[in-house]
1. Among the candidates D159, D139, D185, D127, single out the residue that is surrounded by fewer than 23 Cβ atoms within 10 Å (Cβ to Cβ) and in contact (Cβ under 8 Å) with a residue 40 or more places away in the chain.
2. Output the number of the condition that A178 fails; it satisfies all remaining conditions of (1) buried (at least 23 other Cβ atoms within 10 Å of the Cβ); (2) touching a Leu at 6+ places or on another chain (Cβ under 7 Å); (3) at pLDDT 95 or above.
3. Going residue by residue through segment 148-162, is there one that turns out to be over 30 Å from P48 (Cα atoms) and among the aliphatic types (A, V, I, L, M)?
4. Identify all residues within segment 337-375 that are touching a residue at least 12 places away in the same chain (Cβ under 8 Å) and charged (D, E, K, R); write none if there are none.
5. Quick one: what pairs do we get from segment 436-449, first residue closer than 15 Å to D470 by Cα, second among the basic types (K, R), C-beta under 9 Å, 6+ apart or different chains?
6. Name the one entry in P100, P118 that is under 24 Å from V187 (Cα atoms), over 22 Å from the mean Cα position of the chain (by Cα) and either of a type in the set (D, E) or open to solvent by 30 Å² or more (accessible area, probe 1.4 Å) (or both).
7. Just for segment 197-218: of the residues that are in contact with a Ser or Thr (Cβ under 8 Å, 6 or more places away or on another chain) and of a type outside the set (A, V, I, L, M), which one is nearest to R232 (Cα to Cα)?
8. Any chance you could count how many residues in segment 343-369 are part of a loop (DSSP other than H, G, I, E, B), open to solvent by 10 Å² or more (accessible area, probe 1.4 Å) and in contact with a Ser or Thr (Cβ under 8 Å, 6 or more places away or on another chain)?
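The values are calculated or read from the model by the stated rules, or taken from the named source; none is laboratory data. No experiment lies behind these values; they were computed from the predicted model shown. Note that each Cβ is placed from the backbone with ideal geometry, even for glycine, and that neighbours are counted across all protein chains shown. All accessible areas refer to the heavy atoms of the entire protein, side chains included, with ligands and DNA or RNA removed. Shrake-Rupley method; radii C 1.70, N 1.55, O 1.52, S 1.80 Å.
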Amino acid sequence: KLHLAADPRGTMKGSFRFRLIWALTACAVVTDGFSLNSPTTDKAATRPRPFLEQVDKILTKLQKPERQLEDHTYLSGNYAPVEGERVRAPVDVVEGEIPPGLRGVFCRNGPNPVLGRPLRKRYHWFDGHAMLHNLMIEDGAAYYTNQFVPSDRYRIEEDLDEEFFPTLGEYDGIYGLAKILLHPDMVRKRIPDLNTVLPPNTNVLMFDKRLYALNEGNIPFEIALQPDGTLRPVGYQTFGLLDYPVSAHPRVDGSKLLFHSYTTNTELIKRDGPMKVGVYDAKTEKLDMYFAPTQEDYVSFAHGLMHTENYMIIWDCNVHFDPRGMFDGGSFFRALPDHSLRFGVIPRNATGPDDVMWIDTGSPAAVVHPLNAWEDDDGTILLWTPRCESLVIDLDTDDVNLFNMVEYRLDPTRGESAMRVIDDSINVEFSTAPQLGKFTRYAYTAIQDSATPGEGSFSGFCRWDMQDRDFRATYYQENEIGGEPMVAQTEDGDTFVGVHLFNLAEEQSYFVLYDGETNELACRLKMPYRVPFGFHGQWLSDEELQGHFEHHGVNV
């Protein structure tokens, strides 16, 4: 995601920047017959606006956002935001029964613009405020709570009663360039640290009894989950030293948090490089590792990471940040046909970039949500992941990217790699596994389908068998579309796959649980309210929840 402080050319600073912004705006006002009137609330219309906010509002009007917002895929259908927050609403089991021993919360994060307030800026799927949808499983019964994550961004816009902060959707064309240049100074008036501005709407993480809402352009936002599923803000967590964003896909390995992120912020790139990796130990409350693994002068789309017992694995794929997307349409990230996918293998005791071994796979490709990685008996790393040869990150197109499951074998001593296609007959993405970093027989992905709308809805899921090296696909009922599969385990270790579904004919949300070994339906729950397609979620076990409540002094 485009960082707020990004300057595509890295050259426009100080007063020249403001002269450019003002010149663009003034010329457009004169030539376009501009009127400042735009959809807003009474409170927002009457509040005084500093100069930069006035310029931003003018630029917004010149972008004519109403054209882009009309029939927007990610504002319609089951992507549309929901209104209202519910607390512990009973959920009916309409088929089967909730498995005995399954106790915890399916916690799903996703974007949800505030209804009742008119959208006045161009919109991107990543722009909505974070909302958690918590499905609580207790003693064979289920309850549902949804709530906005009370981040600084959300609370400030609630107080202003309007959109204030930048959106990814508005970084388009020459007016978008002007917005990039003025936004850092405008935003710092409300939130000084630009690493805490974006909505934490992408994923959730339970680590060291603490729950975090994540966005890869931010540092983690800590929240306290209450027994009824509601949330209380704690604040942004720097672990004492973080000065760089943290991705939405860190990994927990015992007492250690393994994390990384990339940035398009030219100031951070100049200081540290386009990426940083780190390891935080909750036992010592110290960072074991925190450095830039590469000093390349480009920004690769490095959305996640993997780990094994002895290594962290990051990647440099063939999709790079390209600011020309502002002017010729499409995404800021473009696939380069001649750039090979590389994996960065980092020993867990690494101290700097000289310890990183970059292994070239020899062919262009991109990885987004890998399935799992582990070490073989001979010390090589086995890595299963959906792989895309030419990834298009453009949510304004109806095209669906093609991902096939492959296995990479990485040799960290020789710096060699080999790839084997596991299957090329089914398009899969959004991966999950009951245990990461070690061999586990089964893991799961969603099934991509051109018949389902957008990039966040799926027609079924696959169970991958990494022992027999095959898969079993399960498709949802007719007229039903699902979100990301989430994996859960009972107290006895039985595995289940849970999915939020939306029935198009009934316009009704359901939640279904499947047996993680046989793919057979275990139960079907009828949700009391619609649950939109979101991004990522996690199963929070009862043991994790009890530790979390104890940490926050909550009596259960």
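1. Going through D159, D139, D185, D127 in turn, just one is surrounded by fewer than 23 Cβ atoms within 10 Å (Cβ to Cβ) and in contact (Cβ under 8 Å) with a residue 40 or more places away in the chain: D185.
2. In the conditions (1) buried (at least 23 other Cβ atoms within 10 Å of the Cβ); (2) touching a Leu at 6+ places or on another chain (Cβ under 7 Å); (3) at pLDDT 95 or above, A178 misses (3) alone.
3. no
4. D338, R342, R348, D360, E375
5. Taking only residues 6 or more apart or on different chains, the pairs are Y442/R463; A443/R463; Y444/R463; T445/R463.
6. Criteria check complete, one pass: P118.
7. That would be P200.
8. Total meeting the criteria: 2.
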